[in-house]
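Coordinate-derived values only; no laboratory data. Here the structure is a predicted model, which means the values were calculated and not measured. Methodologically, a virtual Cβ is constructed for each residue, glycine included, from the backbone with ideal geometry; neighbour enumeration extends over all protein chains shown.
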Amino acid sequence: MWYQFKEALDKLFLKLIGWFDAVILALPNLILAAFVFGIAIFLSRFIKNWTLRLSTKITGKQSIRELVANIVTVLFLAVSFFVVLGILNLDKALTSVLAGAGVLGLAVGLALQSPIINTISGVLISVRKYYNIGDLVKTNDYFGTIQHVTLRNTLIRTVEGNDVIIPNKMVIENPIINFDLNTKRRIIIECGVGYESDLENVKDITKKALSKKFNTSLDEIEFYYREFGDSSINFMTRLWIEPNDQLSFLDAHSKAIVAIKNAFDSNNINIPFPIRTLDIPKNNLQIHFQRELNGATN
């Protein structure tokens with residue numbers, strides 16, 4: 001019994017001595033690895049600050065700058081970590097870590113697919129400058145003003161006063177109209193005149209009324225007849241105005257309609273409306289009058 005116990009202790013001591021020798025032999029590598037990793041941590045702060053300053057030239061959004069700086073810093077530390085593992089001769093451990101990280105990264109990527117796509121879309125929106133805070137836009141069937149943009153969502157306040165949060169992925173994947181990219185907006189008015197009207201005279205009166213109202217030349221006002229309608233000959237007229245904010249646009253559109261209506265009234269131009277003619281048989285009409293007469297007598 002005592003002999004077996006002593007033999008086990010001897011093996012333990014031999015094992016400990018072997019470990020101690022391995023540590024002593026690896027001590028230069030440990031010191032070098034610790035020194036390299038310490039330098040990497042120290043340099044990561046400068047790299048982050050340098051990335052923040054550089055990203056200022058790309059985008060003015062603080063959230064985007066911090067995201068880019070953090071990604072660059074993490075990548076630098078990851079490369080430094082792999083260098084440290086190579087110094088310690090832990091190639092097999094490095095391979096196992098990479099394999100495990102690949103499987104784990106795949107699982108996390110599938111689970112967080114939507115948030116990741118929205119974040120990437122937010123970065124693209126910031127870099128490409130699709131729109132800025134306060135711009136009037138129309139996207140995903142929503143029309144309103146940009147209130148706030150994050151890495152994941154875009155907040156739009158519609159003209160009705162409702163706040164709509166749209167994932168950045170939907171903004172990237174669908175068409176978007178930014179009315180503030182152009183300093184002007186176009187007013188389009190459709191109307192109709194009676195078949196008895198002098199069409200050249202109608203065109204001339206319409207253009208003059210709009211030219212006088214908006215202080216613009218006749219050449220800048222477009223006028224086109226569109227179709228022969230059921231009760232009128234329909235036309236479309238359009239012109240550019242500025243500024244292009246929504247309230248000014250609605251006000252200008254309203255004034256254009258009033259100006260055209262007043263001009264037509266002054267020149268006896270008829271804007272017809274649909275009329276239905278009822279054909280009532282004579283016998284039925286006589287019966288109707290007789291019933292009315294009998295009712296009045298009684």
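Starting from the range 196-231, pick out the GluC sites (Glu not before Pro) whose DSSP state is loop and whose Cβ has at most 13 other Cβ atoms within 10 Å.
On the way: sites: Glu196, Glu200, Glu220, Glu222, Glu227; in loops: Glu196.
Counting only loop positions with at most 13 other Cβ atoms within 10 Å, the GluC sites (Glu not before Pro) in the range 196-231 are Glu196.
I'd like to know which of Asn262, Asn182, Leu210 lies farthest towards the positive end of the charge dipole of the range 152-286, counting +1 on Cβ of Lys and Arg and -1 on Cβ of Asp and Glu.
The residue sitting farthest along the positive end of the dipole is Asn182.
Could you tally the net charge around Val202, taking each other residue with its Cβ under 15 Å from the Cβ of Val202, Lys/Arg +1 and Asp/Glu -1? Don't skip to the answer; put the middle values down first.
Details: positive: Lys203, Lys207, Lys208, Arg226, Lys261; negative: Glu190, Glu196, Asp198, Glu200, Asp204, Glu222, Glu227, Asp265.
Here the charged neighbours net out to -3.
Treating the beta-carbon of each Lys and Arg as +1 and of each Asp and Glu as -1, no other charges, what is the dipole magnitude of the range 185-266 about its Cα centre, to the nearest 20 debye?
Values: 11 positive and 14 negative charges, 55 e Å.
The dipole magnitude comes to about 260 debye.
Just for the Cα atoms in the range 118-220, what are the lengths along the principal axes, largest first, rounded to whole Å?
Sorted largest first, the three principal extents are 60, 26, 24 Å.
Please give the length that would be gained between Gln147 and Lys212 if that part of the chain were fully extended, namely 0.36 nm times their separation in residues minus their C-alpha to C-alpha distance (nm, one decimal). Let's see the in-between values first.
Details: separation 65, 0.36 × 65 = 23.40 nm, distance 3.68 nm.
So the extension gain works out to 19.7 nm.
Bin width 5 Å, alpha-carbon pairs only: give the P(r) of the range 131-180 as whole percents, running from 0 to the bin holding the largest distance.
Final binned percentages: 5, 25, 37, 27, 6, 0.
What are the extents of the Cα atoms of the range 168-272 along their three principal axes, listed from largest to smallest and rounded to whole Å?
Here the spans come out as 54, 32, 22 Å, largest first.
What does the net charge come to around Ser232 if you take all other residues with beta carbon closer than 12 Å to its beta carbon, with K and R at +1 and D and E at -1? Please report the intermediate quantities before stating the final value.
On the way: positive: Arg226; negative: Glu190, Glu196, Glu227, Asp230.
Counting the neighbours of Ser232, the net charge comes to -3.
For each of Tyr131, Tyr224, Tyr142, count neighbouring Cβ atoms within 10 Å of the residue's Cβ, then give the residues from fewest to most. Could you put the intermediate results ahead of the total?
Values: Tyr131 23, Tyr224 11, Tyr142 15.
Ordered from fewest to most neighbouring Cβ atoms within 10 Å, Tyr131, Tyr224, Tyr142 come out as Tyr224, Tyr142, Tyr131.
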